[in-house]
Amino acid sequence: MGDGAASHPTRCYNGEDRISALPNDLLGDIITRLPFTDAARTAAFASHWRQIWRSTPLVLRDADAHLSEATHVATVAGALANHPGPFRTVSLFGCRAASLDLELPEWPRLLATKHIENLSFQNKQTQPQTTLSPLPADILCCGSLQSLSLAFWKIPDDLPLAANAFPNLRKLVLVRNDMSDQYIHRLLDACPILEYLGLVLNGKPERVHVCSQSLWCLLLGLSKVEEFTVMDTPLLERIIFFKPPYGGTDCVRFRIASAPKLRVIGYLEPRVHKLQIGDNIIKPDTMASPGTVVPGVEVLAVKVNFGVFWEVKMLASFLRCFPNVGTLHIESVQHDPSVAAHEPTEEHHGRFWQEASPVESLRLHVRSLFIHKFQGDQNEFEFLKHVALNARELRALLVVSPDKKNALALADEVNEMANKLDHPLFQPWTARGWLESPRVRNVLISAKVSFHIVHDPFRW
């Protein structure tokens, strides 16, 4: 043992700095990966490190929860004053605009000169009902931006905006800003290659009309919005609804005027979305016609309370509106006591499905059916029976139980129902069907997987 130790003596570098001897591009990569405050401290090592820090595109985030607002403000001000840019990403969540004004009055102008690629700017509010601060005009002069997220700002109609202000912007997210429909129009017109638009609206504006020649995906969290219209959107393929993180969800008229390439839409909710296609409002008794269908949709997601007859009829109408759906997601929603309208009844709806007019998408196109939060209610089984007897192309079924303990019991009930039906169209379905506990989550908010490579975003 001793001989071995002697043959490999401990190396001593006598305090020699070997990290600084690394190539500059590698040192810059190290600095980029550090939290900004730590990255800034490297400038104190030596003049060489100071030059590396100033020449490295930085990532500035001030969202460290353990830091005080004063520290957040000082960090941001120091970065803007001392680093020439470019900044790959700037995320400002921990400081108020008024505090930045006191620390560094010229911060908006400096921010606009740093060649930022990705900017997320949430105006920190001390109280939920505080009057929103006006967005500094210089923020809309960052022509290098590829991604922009703005939250809790007042954006007046007279705020200057160049005609082609964001030539590189591909993603725009607007959260709870006080702004008009007209200014949203101006923003979209200023983004000629915009692909993703995320809107979280809480009554301002009450009516929204989206028009974009480049938009590919629309993510919506709507609260207290009376009407939302998708106008001239020739490249739009996806409309994704999610529950807004602030405020409740109220009934909104959602109109699809022109979206010829629309392929994915959901989750539609009968109690929330008053669907309108062109000039036709979709009602419980709506039949398929050229003016009431969107033929390009392949993936559809719907939330429905199977205990409410009106919602069951609306489910049938929604399915008729999208006649070529190949993948169908249905989330079984339980009754919310706070919702007075459309109280559930004890009646079963098997007769409705037996007498309902044929639903082309179910009969000829649906190949994959996912039922989330399946409770095993009689009316849920009535819908399953209808699908089993009529879906000629169905090849896969996933029934997701909210209760892992009851998952196996529900699986037995599904199989028992299949055996009783003894229908030839049903056999390939049961052979490939399965039942699992809940694992499907909403990727639409976290978006950890690129939408460009996900055929069905509701499965994640």
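A few notes on this one:
- Pairs exceeding a 32 Å alpha-carbon distance, out of 124/283; 114/261; 261/420; 154/313; 154/243; 224/261: 124/283; 114/261; 261/420; 154/313.
- Carbon plus sulfur fraction of accessible area for the range 252-293, probe 1.4 Å, in percent: 50
- Accessible area of the range 87-178 belonging to carbon and sulfur atoms, whole % at 1.4 Å probe: 50
- Potential lengthening between residue 355 and residue 181 on full extension [0.36 nm per residue; Cα-Cα distance subtracted]: 58.2 nm
The values are calculated or read from the model by the stated rules, or taken from the named source; none is laboratory data. If you're wondering where the values come from, they're calculated on a predicted model, not measured in any experiment. For accessibility, only protein heavy atoms count, side chains too; no ligands or nucleic acids. Shrake-Rupley method; radii C 1.70, N 1.55, O 1.52, S 1.80 Å.
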